[in-house]
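Comments concern the structure below.
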Amino acid sequence: MTKIDAAFYRGNRTFTVEQADAPAPGPGEVQLRIAYCGICGTDMHVFHGNMDARVGLNRIVGHEMSAVVAAVGEGVTNVAPGQNVVVRPLDPCGTCPACKRGHAHICHNQKFLGLDTDGAMQELWNAPAHTLHILPDGMRLDHAALIEPVAVACHDVRMAGVQPGEDVVVIGGGPIGVLVAMVAREAGGNVVLSEVNETRLEIARALGFDTVNPAKEDLKSVIEARTGTKGADVVFEVSGSQPGVDAMTAVAATRARIVMVAIHAKKPQVDMFQFFWRELKLIGARVYEPEDYDKAIVLVAEGKIASDTVITDVSPLADIQKAFEALDASPTALKSLIKVGDPA
Ligand SMILES: [Zn+2]
Ligand SMILES: [Zn+2]
């Protein structure tokens, strides 16, 4: 059997790169030669040991990837060897109430590839054929590794229904916050990004965003001044913090849509009175649907995502441990990629 390099999570903040077998793709599977794989916030949670019960101590993580098709299994007709692709890393059951109603992305029994199964931090990866999206000619494979997080942002903005000319506040300027801001601006929104970290604020300003540091300025006053006391039509809560949740209702216009993007580890306190008083709407948004991937591919292909600014680090697979440690020590970096292989 073909031997490959693969990075295994072994618990206790440790990844080890080891030789592994690469089996031929089974029926309905595609064997992918991985180019790049981004480190997601979720992968950092794995590194920190918060997800040991879910992933175990023998897991190959990674889902923000780009690849070239190496081989296809029996019955696969949607892709062919040599094509450049990304994976939409969801494997829904197809039979639960959510799947039956057409919401397979939030399947009750969802398997997330690269957490519940092995993922892309290995040179060859067998993925279900139904998860693949083919990339347009000429798209760089490092940029393509951003498509998964960009698709998250596309889903958030689509769920919000951002319209041209609307005032938008994005609370939290990490990788997803910055991508939500870019996609909301692309949809025609007047975007303000709120973030407390000065390094991230500098990056956001370099990308042309108006920014507020709510530790130094009162966000509500700034938004009221900008909008003639109206407030923001759309608010994205991406910070996962109590101050962020306080701000999301404080800055909201009458009948504003508030989109909950962040994963709140603790139940935050929410000012329900504002939902009554201003007839606010709260919208949950989780992962993505196929059309969000299609949109993300177009945005990255057209250069609308400032990929070279968002990608702040690239390391070889052999240095995956150092890459996780570096990101842990400097969480203000935006997106770190692992160069898993060189398939092109
Ligand atoms: Zn991710
Ligand atoms: Zn299901």
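Tabulated data
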quantity: Reachable lysines, given that their alpha-carbon falls under 18 Å from the alpha-carbon of Lys230 and they are not under 8 places away in the same chain; calculated: Lys220, Lys281
quantity: Within a Gaussian network of the chain (alpha carbon springs, distance under 10 Å), most fluctuating of Thr249, Thr211, Thr312; calculated: Thr312
quantity: Approximate spin-label separation Thr2-Ala344, in nm, with each point projected 7 Å along Cα-to-Cβ; calculated: 2.0
quantity: FRET efficiency, 1/(1 + (r/R0)^6) with R0 51 Å, evaluated for Ala215 and Thr95 via beta carbons; calculated: 0.60
quantity: Antiparallel bridge percentage (DSSP; both residues within the chain; nearest 5); calculated: 55
quantity: Packing-based ranking, highest mean first, of 187-197, 11-21 given that Cβ atoms within 10 Å are counted; calculated: 187-197, 11-21
quantity: Global form of the chain, assessed from the alpha-carbon gyration tensor, a/c cut-off 1.5; calculated: prolate
quantity: Shape call, the stretch 168-321: gyration tensor on alpha carbons, a/c limit 1.5; calculated: prolate
quantity: Normalised contact order of the stretch 150-284, rounded percent, pairs of Cα under 8 Å and 6 or more residues apart; calculated: 22
quantity: Relative contact order for the chain, counting Cα pairs under 8 Å that sit 6 or more residues apart, in percent; calculated: 19
quantity: Segment Ala80-His48, extension gain: residue separation times 0.36 nm, minus the distance between their alpha carbons; calculated: 7.7 nm
quantity: Whole-number accessible area per residue in Å² for the stretch 31-181, which is evaluated in the context of all protein chains at 1.4 Å; calculated: 35
quantity: Top of Pro290, Pro97, Pro25 by mean-square fluctuation, Gaussian network on the chain, Cα under 10 Å; calculated: Pro97
quantity: For the chain, built as a Gaussian network whose Cα springs stay under 10 Å, the top-fluctuating residue of Gly231, Gly82, Gly138; calculated: Gly138
quantity: Helix 147-160 axis, angle to the chain major axis (alpha carbon atoms, nearest 10°); calculated: 40
quantity: Leu57-Phe273 FRET efficiency (beta carbon distance; Förster radius 41 Å; 0.05 resolution); calculated: 0.30
quantity: Rel. contact order, % - alpha carbon contacts under 8 angstrom, at least six apart, the stretch 60-191; calculated: 25
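The values are calculated or read from the model by the stated rules, or taken from the named source; none is laboratory data. Fair warning: this is a prediction, and the values are worked out from it, not measured in the lab. Here the Cβ is made from the backbone with ideal geometry for all residues, glycine too, and neighbour counts use every protein chain on show. Ligands, DNA and RNA are excluded from the accessible area calculation, which covers all protein heavy atoms including side chains. Shrake-Rupley method; radii C 1.70, N 1.55, O 1.52, S 1.80 Å.
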